[in-house]
Each structure stands twice: as C-alpha cells, then as structure tokens.
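What follows is one structure encoded as structure tokens, with my remarks underneath.
Bear in mind these aren't lab numbers, they're just calculated from the coordinates by the rules spelled out. These numbers were taken from a predicted model, which means no experiment stands behind them. So basically every Cβ, Gly included, is an ideal-geometry build from the backbone, and we count neighbours across all protein chains shown.
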Amino acid sequence: MKGRSVFQRMAAAPHIVWAVMFIVAPMLFVIYFAFTDEKGVFSWSNFASLAQYSNVFILSIAFALIATVICLLIGYPLAYFMSKAKPKTQKVLLVLLMLPMWCNLLIRTYALMALLDNGGLLNSLLESLGLGKLHIVGTNFGVILGMVYDFLPYMVLPIFTTMTKLDRRYIEASADLGCNSFQTMTKVVFPLTVSGIISGITMVFVPSISTFYISQKLGAGKIDLVGDTIERLFQNPSTYNVGAAISLIMMILIIVSVGIMNRFSDNDGGIIV
C-alpha cells in the first residue's frame with residue numbers, strides 16, 4: 001500500500017490536532033486525576049469511595065433503560081411509517097422530526113419545563129377547563145419524559161435509514177410464501193433492521209445515562225443522577241478526584257456501548273426462519 005500524499009497528510013492535520021486537544025488530552029487528564037489523590041500521589045481510594053454512589057448509578061441506569069425502551073417503542077413504528085410514506089412526505093416528516101434538534105438541548109429542556117411546570121401552559125389549560133393540575137416537574141416521570149423528548153430523534157433516524165435501505169424483494173418473497181403482515185414484520189423486517197435498532201439504542205442510552213441538565217430542570221433538583229453527581233464533585237476541589245473516577249467509569253461504559261454499536265452496525269442481520 002502506497003503511503004499517503006503530502007496533501008492527504010495536510011488535510012488530516014487539523015482533525016488530528018483537534019482530536020488530540022479536545023478528546024485525547026481531556027481523557028488523559030481524567031485518567032490522571034482518577035488514579036491520584038489531592039496531593040497527586042497514586043491511589044485507589046477514589047474508586048473505593050464509589051460504593052456510596054451506587055444508588056445514583058442504579059437510578060441513572062434505570063432511567064436510561066426506561067427512556068431507551070420508550071423511545072424504541074415509539075420510534076420503531078414511527079420509522080416504519082416514515083419509510084412507507086411517499087418521498088415528499090418523508091422529507092416533510094424528517095424536517096418535523098429534526099426541527100427541535102436545531103435548537104440547543106438546554107433551550108429545548110427549559111422550554112419543556114416552562115410548558116409542564118405547575119404554572120405552565122399545560123396546567124393553565126387544565127385549570128381553565130376545571131381539571132386538576134398535573135405535577136410533572138420534580139418527578140421521575142418528568143425526567144424520563146424529558147429524556148424521551150430530547151433523544152427520540154436519535155432512535156428514529158438510524159432505524160429509518162436501515163428501513164429505507166431494506167430490499168423490498170424480501171417482503172415480496174415473504175408474501176408469496178404465505179406470510180401475513182405480522183409474520184413479515186417479525187421474521188423479515190425486524191431481523192433486517194437490527195443494526196439500526198442497536199445504533200438507536202446506543203445513541204439514546206449513552207446521553208440518557210450521562211445527562212444532568214434534564215434532571216436538574218425537570219427534576220427540580222430533587223433527582224440526582226450520575227451527571228449531576230459528577231458536576232457537583234468537580235465544583236469542590238476536595239472531591240475533584242472522585243468526580244474524575246466516576247467520569248472514567250462513564251467513559252468506559254460509553255466506549256463499550258460504542259463498541260457494541262459498531263459490532264452490530266456492520267451486520268445487516270438475517271432472516272429468522
């Protein structure tokens with residue numbers, strides 16, 4: 001294999017510099033502080049103290065799993081409906097799906113909080129109709145709802161992409177062999193879109209388990225997740241190293257999740273007979 005040309009090396013240089021400065025270097029700093037104490041001496045004490053945050057890890061994983069399952073249950077039928085629509089309709093639906101993503105996540109979450117708050121638009125409407133208020137902000141349901149609202153497009157888009165690339169001859173063959181719509185969906189469409197499902201699950205689960213702004217606003221400060229714990233620990237110099245240890249655990253979890261995604265995304269799936 002011939003070596004890269006000078007032009008190719010120059011074109012890759014900005015990306016390499018960016019990756020080193022904003023990806024590799026921060027990761028090395030996190031690793032360093034995770035394995036040292038306040039005096040810079042190597043220590044395992046930071047990881048030993050993680051046991052007191054076990055409830056936070058369990059709650060964060062539970063919330064992320066619930067939000068991911070809900071996104072899958074909503075996103076898969078939506079992606080299937082979009083893939084069946086006409087090309088012009090698909091473009092309109094894609095714009096509507098991605099339109100909220102044009103706004104920053106912080107703005108979307110704050111707007112949702114203003115909408116669902118006790119004095120927000122939803123409760124004002126319910127009160128005008130003579131109905132009771134819905135207390136959503138400050139509850140577990142509110143936080144999970146925020147995760148679903150913010151991350152649902154990340155589930156729909158990869159599934160939609162795999163469905164649009166699906167060879168329609170498989171569906172026609174299943175109909176010729178006597179399969180009904182349910183059998184075609186479970187034995188043909190679903191197995192051939194597994195790669196999109198895995199990608200969507202990863203893209204929703206990873207930001208859900210590491211989020212902190214959603215839980216702060218929609219949880220009204222009553223719900224403490226991993227992201228909130230890391231932010232709070234990094235604000236105090238005496239707990240900075242423990243925060244780095246938790247961040248390292250999260251980094252490992254994200255790397256494992258991405259590895260799983262890459263493992264399945266290269267596989268187009270197979271038909272279950």
Exposed-loop cut sites defined as trypsin sites (Lys or Arg not before Pro) in DSSP loop states with at most 15 other Cβ within 10 angstrom; longest site-free run of the chain spans 40-132
Under a Gaussian network model of the chain whose springs join Cα atoms within less than 10 Å, the largest fluctuation of ASP224, ASP176, ASP37 belongs to ASP176
Taking only the alpha-carbon positions of the range 46-125 as identical scatterers, the Debye log10 I(q)/I(0) at q = 0.17, 0.24 Å⁻¹ comes out as -0.99, -1.10
So, over other residues within a Cβ distance under 13 Å of VAL143, counting Lys, Arg +1 and Asp, Glu -1, the net charge is -1
If amide H atoms are modeled at 1.01 Å from N in the peptide plane, then the residues at a separation of 5 or more from THR36, or on another chain, having amide H under 5 Å from its own are SER43
Env charge @ LEU134, Cβ radius under 15 Å, K,R +1 / D,E -1, value -1
Stokes-Einstein, Kirkwood over Cα pairs, the chain, 37 °C, 0.692 mPa s; D in µm²/s equals 151 µm²/s
